Amino acid sequence: MNENQKLAQFILENVGGKENVESATHCMTRLRLKLKDNSKANRANLDNHPGIISTQVAEGKLQVIIGTQVGDVYEEFIKLVHVVEETSKEETKDKNVLNRFAALITRIVVPSLGVLCACGIIAGVNSILLSTGVITSGDGTNILLSNLGNACLTFFPVILGYTSATAFGMDPFIGMILGAFMIYPGMAQSINAGDPLFTLFAGTPIEMPVFKTFLGIPIIFPATGYTSTVIPIMMVNFLASKIEKILKEVLPRVTRQFMVPFFTILFAGIVGVLLVGPISMIIQNLLQAGLNSLISTSKILAFAVITLIYQPLVIFGLHWPLITLGIMEFGSLGNSLIVASIFPASFAHMAACFAVFLKSKDIKTKNIAFPAFLSACFCIIEPSIYGVTLPVKKRFGFCMIGGLVGGLILALSNSPMYAISMGVTGVMSFINPNVPGIGGLVWAVIACIAAMLVTFTLTFVTFQETKEVK
């Protein structure tokens, strides 16, 4: 039995056995368990296991914070309990709408982060090679790296088509087809060709020209299509999941294999373009307009709030809606100040962990602090939060201050990220691929160093040996 199997077995024994487990899923560092009775979980035993950073109950679920190897432990845990990854049915049991929404966004967005960040790093490498003259714009290397780096965000609705379909408990391949339909090459140009027949909401921020109709119904389609969007495919798949469920109940069993996908794709696709898509784009545009209005009114206040709330939200796993707003910003603007402003947070945690590692004389504390430092280098800050900073609350406060300083430097210098990337390699994403120079990279380095210096100094100077750190 390997270490992951042993840890999975230990967790199962201390959550009341497989009879007490309704469902399981995981994010980047946490095993999230929906238990029939949370009181049966022996959190004291779990917290004291060397392979577990901490536990907490949030959104009605027991969260076992393990670290970056959580995926391997999850696979072994699933084999023991014989449950599948939770679907939307479990979500409906939580009466708190905010909790349900945050959990839903988490389950839809988190699975895509690995490939999203990988493509962001590739885009960053391409920008560095261009800026340093190693390659030139338009040569073969540039074309391949540029398209590879942009592929994930460009076709993001297809990826979200899969993850949102899974979250809504429907056939994920139907979700992918609907996502592909929403961004089908040339459809936006074909629908919006010629002169508009009329314009809906003329003179408003949601003005919509109509060029074509479907059986007399206006077809409202964004000029750039739904490429890189987030909300539309989520709403279309929510509708599709309801259609699929009804069809499975009314169609003869012998025809379900092909008739359920046929009618689901047909109805959800057409209604999605005619109704759901325009509504979702209105919502997305209003959210973006509201955010832009707040930023234009008081940039310092807006980004101070964003940078300050981000780390506390991570504690409860509720930070993904904020990340989703950043992804929407990428889709509409091609860059994001929101994601940029929270970028220095991981560097603040790196500094706190390194300060504790240097100052502490306790071997166990050092053994927690250094791996947490390494995780923070790749923007995985949960090990730092639960193992090093949160147990001594002033350290967590110092990280918030450091993150605030770094975030405001980037916001006030107007240095957005041009690709989604994480950790130390993420600084490459501050290079604007469309403008010569590395001004954004310089500001990113300054911001991250400032965040680290502030946090390291405060943590180092005020350090006291404590047994609070597990």
Among (1) more than 25 Å from Leu46 (Cα to Cα); (2) modelled with pLDDT of 85 or more; (3) more than 14 Å from the chain's Cα centre (by Cα), the one test that Ser332 misses: (2)
Filtered residue count, segment 418-470, keeping only those that are hydroxyl-bearing (Ser, Thr, Tyr), part of a loop (DSSP other than H, G, I, E, B) and closer than 16 Å to Ile381 by Cβ: 1
Scope segment 339-367; condition over 26 Å from the mean Cα position of the chain (by Cα) and either buried (at least 18 other Cβ atoms within 10 Å of the Cβ) or among the charged types (D, E, K, R) (or both); matching residues: Phe354, Ala355, Val356, Phe357, Lys359, Ser360, Lys361, Asp362, Lys364, Thr365, Lys366
Residue within segment 99-110 that is of a type outside the set (D, E, K, R) and at pLDDT 80 or above present: yes
Hey, Thr204 in a loop (DSSP other than H, G, I, E, B), out of contact with any helix residue (DSSP H, G or I) (no Cβ under 9 Å at 6 or more places or on another chain) and at pLDDT below 85 or not: yes
Ala8 vs. criteria crowded, with 20+ Cβ neighbours inside 10 Å and not assigned by TED's automatic domain parsing to the domain that holds Ala167: yes
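Quick one: which of Ser421, Ser413 is polar (S, T, N, Q), under 22 Å from the mean Cα position of the chain (by Cα) and within 21 Å of Ser127 (Cβ to Cβ)?
Selected residue: Ser421, the only one of Ser421, Ser413 that is polar (S, T, N, Q), under 22 Å from the mean Cα position of the chain (by Cα) and within 21 Å of Ser127 (Cβ to Cβ).
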Residues (touching a residue at least 60 places away in the same chain (Cβ under 8 Å) and outside any loop (DSSP other than H, G, I, E, B)) located in segment 373-396: Ser375, Glu382, Pro383, Ile385, Tyr386, Gly387, Val388, Lys394, Arg395, Phe396
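The values are calculated or read from the model by the stated rules, or taken from the named source; none is laboratory data. Please read all numbers here as calculations on a predicted model, not as lab measurements. Glycine gets a Cβ as well: all are built from the backbone with ideal geometry, and neighbour counts include every protein chain shown.
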